[in-house]
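S.K.: Once you've had a glance at the structure underneath, I'll fire off some questions.
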Amino acid sequence: MSKSSNDKHLLHTSDYNTRFNLDTYLKSFYSGVDIDPNQEPLIAFFPENIVRILHDEQKRLGNQKALEFGGGPCLWSSLLLAQHVDSIRFCDYAQSNLNAVSDWIAQKPSAFDWTKFFDNVLAIVGSSKEKRAEWESRLREALNRGGLSTCDVNDPNCPILSGKHNDYDIIFSSLCLEAACLA
């Protein structure tokens, strides 16, 4: 069976270290300048439901630790998690993605500017732009407490996945596993 022309453009596992263009990805999907209105329901779905789940499960949060598994270079979901947990372990397969997150945490001038996208997320969840600096500060603190690390969902010895079942109160993954899993 021959591959369609669309198949040759799909990235898988190690491609994220060799063929993934971080800058193009961030500018295309998160710059906030050209957000496709047809994507708005999907953009709103995740923040609305993360906030709902965090609110509903607030009493069950134990040691206030979250794992963002396969976060890529994206921080919007961790922004929401950080308002409810003290520590976020952020992991991804590609070191370039972790470097982008690290640059944002360190407030390097070259870091991607999440301002516009964060403002959109805050609006979706019913918060104001004036709260963004406070939310960003909580995010930086939570990421510093939890740390950044590499992960590979296909590696049975992945230290992130082989820990105790109660290492994290929340495990979040969005649009990652379907691209990364070999099975």
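S.K.: Please verify whether Asn38 is more than 28 Å from Ala142 (Cβ to Cβ), modelled with pLDDT under 85 and either touching a Gly at 6+ places or on another chain (Cβ under 7 Å) or loosely packed, with under 12 Cβ neighbours inside 10 Å (or both), treating the condition exactly as stated.
M.R.: Taking the combined requirement at face value, the residue satisfies it.
S.K.: Right, something else. I'd like to know if the stretch 8-25 contains one or more residues that are under 21 Å from Ser127 (Cβ atoms), modelled with pLDDT under 90, of a type in the set (A, V, I, L, M) and surrounded by 15 or more Cβ atoms within 10 Å (Cβ to Cβ). Reasoning before the result, please.
M.R.: Going through the stretch 8-25, the residues under 21 Å from Ser127 (Cβ atoms) turn out to be none.
Within the stretch 8-25 (the criterion being under 21 Å from Ser127 (Cβ atoms), modelled with pLDDT under 90, of a type in the set (A, V, I, L, M) and surrounded by 15 or more Cβ atoms within 10 Å (Cβ to Cβ)), the answer is no, since none of the residues qualifies.
S.K.: Within the stretch 125-154, work out how many residues are surrounded by 15 or more Cβ atoms within 10 Å (Cβ to Cβ), of a type in the set (Gly, Ala, Ser) and more than 15 Å from the chain's Cα centre (by Cα).
M.R.: Looking only at that region, the number is 1.
S.K.: Which one of Gln107, Gln83 is at pLDDT 85 or above, within 15 Å of the chain's Cα centre (by Cα) and part of a loop (DSSP other than H, G, I, E, B)?
M.R.: Gln83
S.K.: Please enumerate the residues belonging to the stretch 93-104 that are modelled with pLDDT of 90 or more and either hydrophobic (A, V, I, L, M, F, W, C) or touching a helix residue (DSSP H, G or I) at 6+ places or on another chain (Cβ under 8 Å) (or both). First the steps, then the outcome.
M.R.: Our first condition is that a residue be modelled with pLDDT of 90 or more; within the stretch 93-104, this holds for 95-104.
Within the stretch 93-104, Gln95, Ser96, Asn97, Leu98, Ala100, Val101, Trp104 meet the criteria.
S.K.: For the stretch 40-80, what are the residues that are out of contact with any Phe, Trp or Tyr (no Cβ under 6 Å at 6 or more places or on another chain), at negative phi, of a type outside the set (A, V, I, L, M) and outside any helix (DSSP H, G or I)?
M.R.: Of everything in the stretch 40-80, those that are out of contact with any Phe, Trp or Tyr (no Cβ under 6 Å at 6 or more places or on another chain), at negative phi, of a type outside the set (A, V, I, L, M) and outside any helix (DSSP H, G or I) turn out to be Glu57, Gly62, Asn63, Phe69, Pro73, Cys74.
S.K.: Now, a different point. For the stretch 110-154, how many residues meet the condition of being part of a helix (DSSP H, G or I), touching a residue at least 24 places away in the same chain (Cβ under 8 Å) and of a type in the set (D, E, K, R)?
M.R.: Residues meeting the conditions: 7.
The values are calculated or read from the model by the stated rules, or taken from the named source; none is laboratory data. Since we're looking at a predicted model, the values are computed, not measured. Backbone-built Cβ (ideal geometry, glycine too); neighbour counts: all protein chains shown.
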